[in-house]
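Q: Take this structure, written in structure tokens, and hold onto it; I'll ask about it next.
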Amino acid sequence: MPDLTPSQQRNLSRLLNRALANAWDKLAALDAESQRLVLAEYQAAAEEIVAGLQVAADRQGNVGVAGLQAVIGRVTLALEALRTANQALAEQQVFKAAVIGAGAVEELRKLAINGEIVRESVARLPDAAAVADAVRQQLIHQPGDDGLTLSDRIWRNHRELRDELMPAIQRAVIQGEDARSAVRDALVRAGTATAEEIRQIEAAKAGVLGDEARAILTGPKAKAYANALRVVRTESDRANIMSSREAIYAVEGVVGTRFLLSPAHPRFDICDLHADVNLYGLGKGVYPRGKSPLPAHPNTLSYEEAVFEWEVTPEDREGRDDPIEWLKARSAAEQLGVLQSRDKLQVLDQLTPADITTPWRVLAPRFGGTAAAQ
């Protein structure tokens, strides 16, 4: 390790963390792009389904059972095209995020070439392009901690969307057909249609079915769109983190990374614990290589910066925190925000630090499984 002066140390720390901050800023722009592109994919699928419904409808706009198979076929093709588009977009955005993170490597290399930092401090920098490609390969092809690959996650979301959309269309079409038949029989007997029959008839019209399809795919409560965006966002975050860490730990003197909360951090949760506890004697929120909890959860807004050996104080070394004691000192609302489980909250005194992020379904047998439902 080169013998840096205090001024050189401060300069190295400032420039490394500036490179990391630049990567996070670019990732935010990429996230905004991902939101637009994922939404556009779901809107296109919705319009394809609407078009299929209109083709299958009669002159009054009714979609009958006779045309149901054609509708199902059109919906199946639209959803399969959507799944393929989701996969391609996710892989594209993951690679872009990996390139952004690896950009921190290249930025440091340029600073060394320009003489702004001591070259020996970054002599172990890897090739940025190789870093980005390795991260892309890992995140696209290798299973994560949950045993799922990227395509597995996309397929699961596709299946859930299909299982929500198909029955909704089939049910409305069949009920509409039955209602029209009942109304015809009633008219023969000089009777009248009931309000429920009229509702079912209207619900089977192409326009109404199309609106429901749009709501399921792109409405405010559209689970599939939200899940698809979460996959892209989470894997992009991971790609950026993994790539930028290659820059962080190639710099001489780096001892770990500090977990930082975004200014837009919305509510008290596990990220507050990660950012505030001193687990390793390196300072609050500082984690050695391989120990950082970032990303702490899907859609995370948290980020990290590099911490050098010379920044760690004797007080940091001696001031390790117990996460359970840290939790006990918080309000009940904050404890619940971290634990995300009322059951775990009830047995807080019996939890270990590892239990904090362990799902209750895993812990329940140990505690008899008798705690109140979450």
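Q: List every residue pair whose Cβ atoms sit under 6 Å apart, with the two residues 6 or more apart in sequence or on different chains, where the first one lies in region 32-55 and is more than 20 Å from Lys223 (Cβ to Cβ) and the second, anywhere, is of a type in the set (D, E, K, R).
A: Matching pairs, first to second residue: Gly52/Arg74.
Q: Identify, from the list Ala193, Ala172, the residue that is open to solvent by less than 80 Å² (accessible area, probe 1.4 Å) and either modelled with pLDDT of 80 or more or closer than 30 Å to Phe95 by Cα (or both).
A: Just one listed residue meets the conditions, Ala172.
Q: Name the pairs whose Cβ atoms lie under 7 Å apart, with the first residue in region 74-88 and in contact (Cβ under 8 Å) with a residue 60 or more places away in the chain and within 23 Å of Ala57 (Cα to Cα), the second open to solvent by less than 60 Å² (accessible area, probe 1.4 Å) and aliphatic (A, V, I, L, M), and 6 or more positions between them or separate chains?
A: So the pair list comes out as Val75/Ile49; Val75/Leu165; Val75/Met166; Val75/Ile169; Leu79/Ala45; Leu79/Leu161.
Q: Among the residues that make up region 300-308, is at least one of them outside any loop (DSSP other than H, G, I, E, B), in contact with a helix residue (DSSP H, G or I) (Cβ under 8 Å, 6 or more places away or on another chain) and aromatic (Phe, Trp, Tyr)?
A: There is at least one residue in region 300-308 that is outside any loop (DSSP other than H, G, I, E, B), in contact with a helix residue (DSSP H, G or I) (Cβ under 8 Å, 6 or more places away or on another chain) and aromatic (Phe, Trp, Tyr).
Q: Can we say Lys328 is of a type in the set (D, E, K, R), open to solvent by 70 Å² or more (accessible area, probe 1.4 Å), at pLDDT below 95 and under 21 Å from the mean Cα position of the chain (by Cα)?
A: no
Q: Which ones in region 8-31 are open to solvent by less than 40 Å² (accessible area, probe 1.4 Å) and aliphatic (A, V, I, L, M)?
A: Leu12, Leu15, Leu16, Ala19, Leu20, Ala23, Leu27, Leu30
Q: When you scan region 55-84, how many residues do you find that are of a type in the set (A, V, I, L, M) and surrounded by fewer than 19 Cβ atoms within 10 Å (Cβ to Cβ)?
A: Total satisfying the criteria: 8.
Q: Same structure, new question: Kindly state which helices (runs of 4 or more DSSP H) lie completely within region 331-370 and contain at least 3 residues that are at pLDDT 90 or above, under 22 Å from the mean Cα position of the chain (by Cα) and of a type outside the set (Asp, Glu).
A: Output list reads 332-339.
Q: Just one of Val338, Val312, Val286 is β-branched (Val, Ile, Thr) and more than 28 Å from Arg10 (Cα to Cα); which is it?
A: Val338
Q: Of Pro314, Pro295, Pro288, which residue is within 20 Å of the chain's Cα centre (by Cα) and open to solvent by 20 Å² or more (accessible area, probe 1.4 Å)?
A: Pro295
Q: Hey, another quick one. Which pairs do you get when a residue that is surrounded by fewer than 18 Cβ atoms within 10 Å (Cβ to Cβ), found in region 127-152, comes within reach of a residue that is not β-branched (Val, Ile, Thr) and not in a helix (DSSP H, G or I), reach meaning Cβ atoms under 6 angstrom, with the pair 6+ apart or on two chains?
A: So the pair list comes out as Thr149/Pro143.
The values are calculated or read from the model by the stated rules, or taken from the named source; none is laboratory data. If you're wondering where the values come from, they're calculated on a predicted model, not measured in any experiment. Every residue, glycine as well, gets a Cβ built from its backbone with ideal geometry; the counts of neighbours run over all protein chains shown. Accessible surface is based on the protein model in full, side chains and every heavy atom, while ligands, DNA and RNA are left aside. Shrake-Rupley method; radii C 1.70, N 1.55, O 1.52, S 1.80 Å.
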